[in-house]
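Written out below as structure tokens is the structure these notes cover.
The values are calculated or read from the model by the stated rules, or taken from the named source; none is laboratory data. None of the values given here were measured: they were computed from a predicted structure. Cβ placement follows ideal geometry from the backbone for every residue including glycine, while neighbour counts extend to all protein chains displayed.
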Amino acid sequence: MVTGSRRGHTVEAPMHPLDNAIWTALTTRQAHLGRSERGACKFHGDVSILGGLADPGPDGYAALARLVEPGEQVGLLVEQLTPTPGFELVVAASVIQMVRDTDQPLPAPETAPAFVALGDADVPEMIALTELTKPGPFARRTHEMGDYIGLRSDGHLIAMVGERMRVPGYTEISAVCTHPDHLGRGYARALMAVAIHRSLARGERSFLHVRPENTRAVALYEHLGFAQRHERQYVILRSPV
């Protein structure tokens, strides 16, 4: 983005880390969780479906094609739908990026449920909960992207939240989900508060992505201090077999 000029020369504003969050994560703090080609990158398939492009043009898609297997799917965040040479469009949907761009902590709740750290042993339950509630793609190693915490009732995982993309200065909150039988009890808010406090303790701020039609979630996030930053298209593409 051009912000001004100096003696006849344009001055380009530096790109914000969240402008192209997947690309930034995979070329900085989470490079160890994926692979890259010149102009394209992708998380390992058992970590996340997500991939990133430096620029969504023919060269970018050609580089991305070298990172995926025949028939493999990849999810991208793009400013607008454009031709995707070498890939089949599976689905496209709008998503809002929201940021809690403040250092102010949340007020401590009067009572808070006891959460548990989630790890390798919890993966089958984590996958089952995300398949039931559909917060977004979740794979066998997604929990390696950050800290995941949850709540249990009678030994069963009933709610969880985790960290997904990490870019300089920011960590994404993701996989916010509660079992349908336990909605309306404030579990999502309580778990998100823990995630937000952990980010603040590291000197980072929280961001997330949400479908605009998920008004219940948007209202919760706004109540927690998040504000809309921009809207993108989330597309899932498939490489030809």
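Data table
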| item | result |
| --- | --- |
| Members of segment 21-49 that are buried (at least 21 other Cβ atoms within 10 Å of the Cβ) and assigned to a loop (DSSP other than H, G, I, E, B) | 30, 48 |
| Answer residue from segment 74-93, given it is outside any strand (DSSP E or B), in contact (Cβ under 8 Å) with a residue 40 or more places away in the chain and of a type outside the set (Asp, Glu) and is surrounded by the fewest Cβ atoms within 10 Å (Cβ to Cβ) among those | 80 |
| Candidate set: segment 123-156, residues that are aliphatic (A, V, I, L, M) and not in a helix (DSSP H, G or I); chosen: the one surrounded by the most Cβ atoms within 10 Å (Cβ to Cβ) | 151 |
| One residue from 198, 229 being in a helix (DSSP H, G or I), within 28 Å of residue 42 (Cα to Cα) and either in contact (Cβ under 8 Å) with a residue 12 or more places away in the chain or in contact with a His (Cβ under 9 Å, 6 or more places away or on another chain) (or both) | 198 |
| Residue match in segment 161-179 (condition: modelled with pLDDT under 95, small (Gly, Ala, Ser) and more than 14 Å from residue 125 (Cα to Cα)) | no |
| Every pair of residues 6+ apart whose Cβ atoms lie under 6 Å, when the first sits in segment 144-166 and is within 24 Å of residue 99 (Cβ to Cβ) while the second is of a type in the set (Lys, Arg) | 145/164; 166/29 |
| Unique match (being of a type in the set (Gly, Ala, Ser), part of a strand (DSSP E or B) and either touching a helix residue (DSSP H, G or I) at 6+ places or on another chain (Cβ under 8 Å) or not assigned by TED's automatic domain parsing to the domain that holds residue 123 (or both)) among 60, 71, 52 | 52 |
| Top-ranked residue of segment 94-122 - restricted to ones that are modelled with pLDDT of 95 or more and charged (D, E, K, R), ranked as surrounded by the fewest Cβ atoms within 10 Å (Cβ to Cβ) | 120 |
| Filter result (charged (D, E, K, R) and under 15 Å from the mean Cα position of the chain (by Cα)) within segment 17-55 | 19, 29, 42 |
| Residue in segment 215-233 that is of a type outside the set (D, E, K, R) and in contact with a Leu (Cβ under 6 Å, 6 or more places away or on another chain) present | yes |
| Test for residue 230: is it of a type outside the set (Lys, Arg), surrounded by fewer than 21 Cβ atoms within 10 Å (Cβ to Cβ) and either modelled with pLDDT under 95 or under 15 Å from the mean Cα position of the chain (by Cα) (or both) | yes |
| Residue within segment 158-166 that is part of a loop (DSSP other than H, G, I, E, B), crowded, with 19+ Cβ neighbours inside 10 Å and under 17 Å from the mean Cα position of the chain (by Cα) present | no |
| Residue 217, sole failed condition from (1) at pLDDT below 95; (2) in contact with a Gly (Cβ under 8 Å, 6 or more places away or on another chain) | (2) |
| Some residue of segment 209-221 being in contact with a Lys or Arg (Cβ under 9 Å, 6 or more places away or on another chain), part of a strand (DSSP E or B) and in contact (Cβ under 8 Å) with a residue 24 or more places away in the chain | yes |
| Count of segment 94-122 residues which are hydrophobic (A, V, I, L, M, F, W, C), outside any helix (DSSP H, G or I) and farther than 23 Å from residue 227 by Cα | 6 |
| Residue list for segment 167-188, restricted to those being closer than 15 Å to residue 98 by Cβ and outside any strand (DSSP E or B) | 188 |
